[in-house]
1. Compute the long axis of helix 288-299 from its Cα atoms, compare it with the longest principal axis of the Cα atoms of the chain, and write down the angle in degrees, 0 to 90, nearest 10.
2. Where q = 0.20, 0.25 Å⁻¹, what log10 of I(q)/I(0) comes from the Debye formula for the range 21-61, counting one point per Cα?
3. Compactness ratio of the range 223-280: Cα Rg over 2.2 N^0.38 Å, N = residue count?
4. Considering the Cα trace of the range 48-184, what is its radius of gyration and what is Dmax, both in angstroms?
5. Rounded to whole Å and sorted largest first, list the principal axis extents of the Cα atoms in the range 228-373.
6. For the range 275-354, run through the trypsin sites (Lys or Arg not before Pro) and keep only the ones in DSSP coil with at most 12 other Cβ atoms within 10 Å of their Cβ.
7. Run the reach check for LYS213 against lysines, Cα to Cα strictly under 26 Å, same-chain hits fewer than 8 apart removed. What comes back?
8. Just the number, please: percent antiparallel of the DSSP beta bridges in the range 228-373, rounded to the nearest 5.
Amino acid sequence: MTQTFLKRGLPQDVETIAGVGPTVSRILEEIETGREAAALAVARRLDGWEGEVIVPEAAIEAACARVPQELKDAIDWAHQNIARFAEAQRASLTEVEVELRPGLFAGQRILPVASAGCYVPGGRYSHIASALMTVTTARVAGVAHVAAVSPPRADAPAGVPDAILYTLKLCGADRVLALGGVQGVAAMAFGLFGLPRADILVGPGNQFVTEAKRQLFGRVGIDMLAGPTDVLIVADETADPRVVAADLVGQCEHGPNTPVWLVTDSRAVAEAVAAHVPACCDALPEPNRSAARAAWANLGEIILVSDREAMADEADRIAPEHLHVQAADLDWWKARLNAYGSLFLGPEATVAFGDKASGTNHVLPTSGAARYTGGLSVHKFLRTVTWQRVEPPALQTLAEVTATISRVEGMEAHARTADLRMTPKG
């Protein structure tokens, strides 16, 4: 496949991400050994937080009262969409019973985990949407206890911003901690501050949060290891370059480590988008302006290919978190594309809709992980377990086959458990 890079990004710095491992390991060990006292000490040391860690119910109620009604209405509208889509996903999973042979029954049950820990970022931006996506989905899946942690902020009366507290209460979080970073993840994983130990940890975070989840995986489940967010836009000659440029910059504002790609078979579109992006960045307020400029300068790419099949191949190769098609014949693209976290079809369906309110989940695979996994959904909170029952018509043959295979494998004790269930011959 012939590619022409009208703009090429710099290689991403993976060493910086890998370098956090020893630091995270030390903090996790410190907190697991010292429990709550150690977690509080880390919070004071790293966040300067001296307030309450467990957000009291009275503080949550007061925070809810301070949230403007217009914002409440917007959050409620988004919550309804996210819940309805999660409910539809849950309904697509069914319990099964099948008689494989006369007298041999097998089946599956769909069971939620008992407890989930949701990380809600709160650094440069207060991620209302992350609270919506994680807690709502866990609740719809049927998780019995859902905890949430979010980094404390000095400008928030209860540590966690009012809008996030309102959202967490609306979505059904059982307990909220004003605790971020590794210490927040550890609190949920180790069952600190009255929380049950989390069976699964979900939600996006910075490289320290991601590394903590990676190190804890196995002891607890995780949704995925998320790197920097990204977007790839596929655009043909029908695309509006101003819209494409705005949508690329919409993702760039996440920060200087955000990769964005434009893949097109139209040189005219490619050149027009390249011309519009700087103005889109310049029109933003700070710190968004600097973040977007840096992301575009460092990691923005414009790739020119020959036709739509080549465009689709390039999209599948990159496997972006967000894949936005601004091209003719959307049904063809929907059927053809194979590797993405979430697909946005048509110029109307901007990525921000999915990130905030349209209903699909915004916790998605990054860094090419969409080749082998999907995003957060009710499925992540559910376990498919199996069962079997054997009745007399199936017992003899099943036992004979099991004994035969077991002895060839050298597993005599297994074979004898099958022998015990056979009807003696003769």
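1. 70
2. Log10 I(q)/I(0), no solvent term: -0.67, -0.85.
3. Values: Rg = 12.3 Å, N = 58, 2.2 N^0.38 = 10.3 Å.
In units of the 2.2 N^0.38 Å rule of thumb, it is 1.19.
4. So, for the range 48-184, Rg and Dmax equal 18.5, 68 Å respectively.
5. 40, 34, 25
6. The qualifying sites: there are none.
7. List returned: LYS169, LYS356, LYS380.
8. On the way: 0 of 19 bridges.
Around 0 percent antiparallel, to the nearest 5.
Rule-based calculations on the coordinates, nothing more; no lab input. Everything numeric in this text was worked out from a predicted model, so none of it was measured. Here Cβ is always computed from backbone atoms with ideal geometry, including for glycine, and neighbour counts include all displayed protein chains.
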